[in-house]
Amino acid sequence: MAENVIVVGGGIVGTSTAYYLAKMGIHVTLIEAQDIAAGTSGACDRAIMLQSKAPGPMLQLGLHGARIYETLEDELEADLEYRRGGGMILIETEEEMTAIRELVERQRQAGLDIALLSGEQARELQPGLGAHLLGTTWWAGDAEVNPLKVCFAMAQAAQRAGAAIRMGSKVTALLSERGRVVGVEAEGKRTYADAVVVALGVWTPLLLRTIGVELPIVPRKGQILVSERVPAFVSHNILSGAYIAAKHRKDGGKEEAQNPAGVGLSLGQTGSGSLLIGGSREFVGFDLSTTPQVIRAIGQSAVRLFPKMAGMRVIRAFAGLRPYTPDGRPVIGPVEEWPGLYVAAGHEGDGIALGPATGRIMANLAIGRPAGCDVAPFALSRFTQ
Amino acid sequence: MNDVIICRCEGVRLSEIEQAIREGASAVPGVKKRTRAGMGPCQGRVCQRVVLQLLQQPPSEAGESPDALQRSRSPVRPTLLGDL
Ligand SMILES: Cc1cc2nc3c(=O)[nH]c(=O)nc-3n(C[C@H](O)[C@H](O)[C@H](O)COP(=O)(O)OP(=O)(O)OC[C@H]3O[C@@H](n4cnc5c(N)ncnc54)[C@H](O)[C@@H]3O)c2cc1C
Ligand code: FES
């Protein structure tokens, strides 16, 4: 059994993995190139939304994650701005109605009792919605959290439990001996361990490539607008049907031609009162720029769904890189050809919801314990064989 | 010592920024993510210079590295959503 584990990457997945390992008494070193939450986990939204997960393994992992969040503030002794306020998927067209009816049916079969409400009921539940809205889904179990706070709280709790955290230290090589990974090299310094967990989000392929392992994680950019502070405006997670279509769509379809930047509204309000208005889904490599066309398109979809928002001010915009995989599922598990090496990455737009659950599973796997749930759907071998 | 407000927009005090630096923030974005300093309507135009100085104590010879600054982000000025 491993007694000594290195976790590479200080996003939500890496800090969660380090925390659960330290909690089990394992000697952990977390190594991060810049700072905690410097990557995607510091440039994203705040939804822990189960409605939007594909029924099957992703929904199962989501349920596992949602249960962890219910008690996480107590466990980490920190305010995470966790709020279980429910969630809606807004329906604007008959086409969306058909697709969302089908999604709701499948979610109900999986045990999520999502309601389908009329436009009128929607406007009652969420004042400010436009008159053209045909309806909405509603599920009271959806929640939200401040992802920055989760990362910092996980890192601090890991430290309190004995983990060492090295920031400003970029891992450039994986060290191997006799066909086994035995450590990492960062800033010229070598560190050895029984197991190495790579939790580098969109940067994961860059490090694994140095040891001959290819995996298909690519950055999928999302741009988000931030409003000035406004009085309580939304109290739950809101997605538009167009957002869901962009999330689950296949490349090259008609939808892609009409909406190349994958713009679909997501809306939430932070603890400080700003609205986070998203978002886009773009394959443009590691580019993190915000672009006027996409900002405009996001703003327009917000005003279309919430006419009152025309009078609110946007104070900034930012972009983050979702770690996309071709089948929409993350990679969580060992690298078969390299004993001692593990990967936990590729959560695309669901890493905040799934990060703590992934950390718990990964911590168990890295020390040779049972995962505690079915991880076969997340095996790296589905891409390498 | 009086605990002055460094970021006026977000009401962030000197002690909070010092605490963030002790926790490992090594550049402006790290202070911003831990304290919200720089996230206000002025986008750090007022507070960023001071935050940078605090990050550089004891003063480093390298001076301001462009990496330490937050990226300027569009829209540069607060804009009405209806005008986008
Ligand atoms: C616009 C947007 C909105 C989103 N909204 C949501 C949402 O509402 N709900 C949700 O659940 N998910 C959401 N997501 C998805 C979620 O943000 C990601 O899935 C998640 O943050 C990925 O976390 P991670 O730990 O895998 O990666 P990251 O947070 O990117 O962490 C990787 C870390 O590795 C570090 N690193 C890189 N290279 C090296 C190296 N060589 N050595 C050491 N360290 C290195 C980086 O600095 C970084 O800190 C959103 C994403 C985006 C972009
Ligand atoms: S003074 Fe800090 S953001 Fe304006």
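The values are calculated or read from the model by the stated rules, or taken from the named source; none is laboratory data. If you're wondering where the values come from, they're calculated on a predicted model, not measured in any experiment. Cβ: placed from backbone, ideal geometry, glycine included. Neighbour counts: every protein chain shown. Heavy atoms of the whole protein, side chains included, go into the accessibility calculation; ligands, DNA and RNA do not. Shrake-Rupley method; radii C 1.70, N 1.55, O 1.52, S 1.80 Å.
Miscellaneous remarks
- Solvent accessible area, Å² - residue A:172, 1.4 Å probe, full protein context: 80
- With all protein chains modelled, accessible area of residue A:362 [1.4 Å, Å²]: 0
- The accessible area of residue A:210, taken with all protein chains in place and a 1.4 Å probe, comes to roughly 80 Å².
- When only alpha carbons of segment A:232-320 are considered, Rg and Dmax amount to 13.4, 40 Å.
- Spatial extent of segment A:64-205: Rg and Dmax, with the Cα atoms as the point set, Å: 22.7, 67
- Loop-located trypsin sites (Lys or Arg not before Pro) in segment A:28-85, at most 16 other Cβ atoms within 10 Å (DSSP): A:84
- Virtual spin-label span in nm between residue B:57 and residue A:134, 7 Å along Cα→Cβ: 6.0
- Of A:53/A:170; A:149/A:247; A:23/A:149; A:170/B:33; A:23/B:33; A:221/B:32, those spanning more than 28 Å from alpha-carbon to alpha-carbon: A:53/A:170
- Buried on assembly, segment B:23-38 (at least 30 Å² less accessible surface than by itself, 1.4 Å probe): B:23, B:33, B:34, B:36
- Taken residue by residue and averaged, Cβ atoms of other chains lying within 10 Å of the Cβ of A:29-38 number 3.
- Taking only the Cα atoms of segment B:1-61, the ratio Rg/Rh comes out at 0.93, with Rh defined as the Kirkwood radius.
- Backbone geometry of segment A:23-40 corresponds, through the Karplus equation with coefficients 6.51, -1.76 and 1.60 at θ = phi - 60°, to 3J(HN,Hα) couplings of 4, 7, x, 7, 7, 10, 10, 9, 10, 10, 5, 10, 8, 4, 6, 6, x, 4 Hz, x marking Gly and Pro.
- Relative packing of peptides A:328-341, B:29-42 - highest average C-beta neighbours within 10 Å first: B:29-42, A:328-341
- For segment A:1-79, the orientation-averaged shadow of the C-alpha convex hull comes to 6.7 nm² (one quarter of the hull surface).
- log₁₀ of I(q)/I(0) at q = 0.11, 0.13 Å⁻¹ - chain A, Debye sum with one point per alpha carbon: -0.75, -1.03
- Sequence of A:286, A:383, A:306, A:152 from largest to smallest accessible area, 1.4 Å probe: A:286, A:383, A:152, A:306
- Diffusion constant of segment A:158-235 at 25 °C, which comes from Stokes-Einstein with the Kirkwood Cα-pair radius and 0.890 mPa s, µm²/s: 154
- Total formal charge among the other residues, if their Cβ is under 12 angstrom from that of residue A:338, Lys/Arg +1 and Asp/Glu -1: -1
- Using a Gaussian network model of chain A in which every pair of alpha carbons under 10 angstrom is joined by a spring, one finds that among A:65, A:56, A:278 the greatest mean-square fluctuation is at A:56.
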